[in-house]
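The structure appears below as structure tokens.
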């Protein structure tokens, strides 16, 4: 499965992590970040760091990512997602 297909599976109001995507695709979280930075037309704002912090957004300021996630109903305090486990979308059944 391709990265774009996986990211499109993340429902509105949910997030997954660079690590989850990397595990599903057999690569590194950094590689996922670099690929998402160049992506177009996929909801990559729904991909965050494993510790629940936002991380980057298309190589730009994290504030745009925060705005998009909050618009989807995700609560964020500073750069940290509130109740991270409740909004986490697991790609695998592990």
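Numbers below:
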quantity: Matching entry among 54, 68 (being touching a strand residue (DSSP E or B) at 6+ places or on another chain (Cβ under 6 Å) and surrounded by 11 or more Cβ atoms within 10 Å (Cβ to Cβ)); calculated: 54
quantity: Test: residue in the stretch 65-80 that is in a loop (DSSP other than H, G, I, E, B), in contact with a helix residue (DSSP H, G or I) (Cβ under 7 Å, 6 or more places away or on another chain) and free of Cβ contacts under 8 Å to residues at least 12 places away in the same chain; calculated: no
quantity: Selection from the stretch 71-83 of residues that are surrounded by 14 or more Cβ atoms within 10 Å (Cβ to Cβ), in contact with a strand residue (DSSP E or B) (Cβ under 8 Å, 6 or more places away or on another chain) and modelled with pLDDT of 95 or more; calculated: 74, 80, 81
quantity: Residue within the stretch 17-29 that is within 9 Å of the chain's Cα centre (by Cα), buried (at least 19 other Cβ atoms within 10 Å of the Cβ) and under 17 Å from residue 69 (Cα atoms) present; calculated: yes
quantity: Residue tally, condition part of a helix (DSSP H, G or I), within 12 Å of the chain's Cα centre (by Cα) and either farther than 22 Å from residue 67 by Cα or at pLDDT below 95 (or both), over the stretch 33-51; calculated: 5
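The values are calculated or read from the model by the stated rules, or taken from the named source; none is laboratory data. The structure displayed is predicted, hence computed values, not measured ones. Note: ideal-geometry Cβ built from the backbone for every residue, glycine included; neighbour counts use all protein chains shown.
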